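Structure first, commentary second.
The values are calculated or read from the model by the stated rules, or taken from the named source; none is laboratory data. Because the structure is predicted, anything quoted here is derived from the model rather than measured. Cβ placement follows ideal geometry from the backbone for every residue including glycine, while neighbour counts extend to all protein chains displayed.
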Amino acid sequence: MKKRSLPPPENPPVRPEPKPVPEPSIVRPLGTPKLIGPHRHHRLRWTLIGVGSFVLLLLIIGGWLFARAISVVNTQKLDGSGKRLGFFQQLGRIVTARGDELQGESEDRVNILMMGIGGPGHEGPYLTDTLMVMSYKPSTKEVAMLSLPRDLVVNIPKYDYRKVNSVLAIGRDQKYPGGGEALVVKVVSDTLQIPIQYYARIDFSGFKDVIDELGGITVTVDTPFVDYSYPDNNYGYQTVRFQAGQQTMDGETALKFARSRKGTNGEGSDFARAKRQQKILVGMREKALSLGTLANPAKLSDILQAIGDHSQTNMEVWEILRLGSIAKDIDPAKIVNRVLDDRTGGLLRSATGSGGAYILVPKGPTYAEIAYLATHIFDSGAAVAESASVLVVNASGRTGVGTLVGQSLAGFGLTVTEIVTAKSTVETTTLIDTTNGGAAATLRLIGAYAHPTSLTSGTSYLADHPESILLKYLSPTNTNAELPKIVIILGSDQPAIPKSVFSTTPSTRTNANTNTNTNSNKNTNTSTNKNTNTSKNANVNTNKNTNTSTNTNSNVNGKPVQAL
């Protein structure tokens, strides 16, 4: 048997309930008339597309376009004393910062939180329709995008647990220090356990205007679909259709492609929508960096003017210039795209909040597995590319450990072929590699999560192990069981499973339009929802509705989850 020591994990164990990440001090809210809090940071309006299109400024920084750009975004630019910065002061900042790095570059991880909202004139104008963390790894010039579904429940300071799409609106309404954007940054950072250095927010109008000013974008539609219930902005609905294949989309079409939530062919979910949104961002980047756009100063000036009132960021001009120089070196084929979802193998599960609202909560007992994916998203992307099959063996002697580890590894993107329980217990966790080093990223991802004490190469461990569960893979008479590429044997050294943050009560939702409300003093409401409320109020609903979809009512620390 050949053993070698396991490389030290990139990060400490995360399965115990994570500690809150301190609120980033670098959040600089923009677009508000008054600064709140002890830090009076420079502020400026800019746009989500800045990651790609502003590379042009590197080529013409001394020209009239640069002056025009600063004049467009200079409405809220302040220095440390609260005074407004003039043109030459901003220019001075750019000159003196030419050798500076972006926040996070020295730690090899720059995180930008991107928010999309409806904006004024739309229902729920400040509910975030899109939430995505874009990460850049300077050492490898890789980019990763992680989309958070709007129905994910998160812990909001002073507001318990609510849907993540409500955080921006809550922050604005309650005048959170730094504004609603600062609260979104804090909540997402605490949930994912990663520092978020920058944010960019854009509304629907700005989104459409940018794409139109770019002359449209090219997007490949993987799955054709029809959405019969797309909002028509007049409190009604319209039908939208998309055919498979490469298409050029204007702003309105791209917005429909990004927002559609009730499409056919498996496209009727927030998760499918998040993947489409990631495609649009890539398309915007490609068009913004195309030769025709980069060579057209008037076009960029039009873009800046069009989105001036529809976007907000905490990036300074020199930081956007730096991002622009980075963007042109990114290989689109190496962009990692991940979406948190409740599919089989996903890290989330659906549940029912207060008032019957649909919500999403972690499938594990805490947010630790979600945070692990966010922290190790680059290894996750490389591991998915390796496509190494993984067998999980629970030899810890504790029920549930194998299931937690197996479903978590699947949620990280690995191909978990089987989760089995050993007949005997082993003391230490062992990771077995049968690929002779052909799945390095998979080993790193599993190793940093399960913390095995040893890493073994080859099949000798399997042959020596008394478990028939493992021996069947080596039996010459068994032609159906393919030898897994990676085997993780969980020992009794595995940490105990934390107590679940979420308590659930089974509930059967039945809606069949046959309600015969027989309201008496005993509340016999006829809607077949057998909600077993564990509080002292025992409302028993006894309806005969025939829809048998099953959900769960979720409570956090004994309190019902609120949903906006």
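Structure summary
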{"quantity": "Contacts under 7 angstrom Cβ, first residue in the range 329-353 being under 19 Å from Lys137 (Cβ atoms), partner among the basic types (Lys, Arg), 6 or more apart", "calculated": "Asp329/Lys141; Ile330/Lys141; Asn337/Lys275"}
{"quantity": "Selection from the range 99-125 of residues that are surrounded by fewer than 19 Cβ atoms within 10 Å (Cβ to Cβ) and small (Gly, Ala, Ser)", "calculated": "Gly99, Ser106, Gly121, Gly124"}
{"quantity": "Residue check, Thr140 touching a Phe, Trp or Tyr at 6+ places or on another chain (Cβ under 9 Å), touching a residue at least 24 places away in the same chain (Cβ under 8 Å) and either hydrophobic (A, V, I, L, M, F, W, C) or surrounded by fewer than 22 Cβ atoms within 10 Å (Cβ to Cβ) (or both)", "calculated": "yes"}
{"quantity": "Subset tally (residues that are closer than 18 Å to Lys208 by Cβ and β-branched (Val, Ile, Thr)) for the range 241-270", "calculated": "2"}
{"quantity": "Tally, over the range 408-433, of residues that are among the polar types (S, T, N, Q), more than 30 Å from the chain's Cα centre (by Cα) and buried (at least 21 other Cβ atoms within 10 Å of the Cβ)", "calculated": "2"}
{"quantity": "For Arg150: the one exception among (1) under 18 Å from Val282 (Cβ atoms); (2) charged (D, E, K, R); (3) in contact with a strand residue (DSSP E or B) (Cβ under 8 Å, 6 or more places away or on another chain)", "calculated": "(1)"}
{"quantity": "Candidates Gly437, Gly406, filtered to the one that is without any contact (Cβ under 8 Å) to a residue 24 or more places away in the chain and assigned to a helix (DSSP H, G or I)", "calculated": "Gly406"}
{"quantity": "Residue among Ala169, Ala200 that alone is closer than 16 Å to Gly119 by Cβ and either part of a strand (DSSP E or B) or free of Cβ contacts under 8 Å to residues at least 40 places away in the same chain (or both)", "calculated": "Ala200"}
{"quantity": "Residue satisfying all of: in the range 341-366; within 17 Å of Asn165 (Cα to Cα) and among the hydroxyl-bearing types (Ser, Thr, Tyr); farthest from the chain's Cα centre (by Cα) among these", "calculated": "Ser354"}
{"quantity": "Pick from the range 310-345, criterion in a strand (DSSP E or B) and of a type in the set (A, V, I, L, M, F, W, C), ranking: farthest from Met114 (Cα to Cα)", "calculated": "Val336"}
{"quantity": "Residue within the range 365-372 that is free of Cβ contacts under 8 Å to residues at least 60 places away in the same chain and out of contact with any Leu (no Cβ under 9 Å at 6 or more places or on another chain) present", "calculated": "no"}
{"quantity": "Restricting the range 314-367 to residues that are buried (at least 19 other Cβ atoms within 10 Å of the Cβ) and of a type in the set (Ser, Thr, Tyr), the residue that is nearest to Ala288 (Cα to Cα)", "calculated": "Tyr367"}
{"quantity": "Odd one out for Ala439 among (1) at positive phi; (2) modelled with pLDDT of 90 or more", "calculated": "(1)"}
{"quantity": "Where Arg398 falls short, out of the listed (1) among the charged types (D, E, K, R); (2) surrounded by fewer than 19 Cβ atoms within 10 Å (Cβ to Cβ); (3) under 28 Å from Leu148 (Cβ atoms)", "calculated": "(3)"}
{"quantity": "Hits in the range 320-374 - residues which are aromatic (Phe, Trp, Tyr) and farther than 23 Å from Arg273 by Cβ", "calculated": "Tyr372"}
{"quantity": "Qualifying residue in the range 301-315 (condition: more than 27 Å from the chain's Cα centre (by Cα), modelled with pLDDT under 75, of a type in the set (D, E, K, R) and not assigned by TED's automatic domain parsing to the domain that holds Tyr358)", "calculated": "yes"}
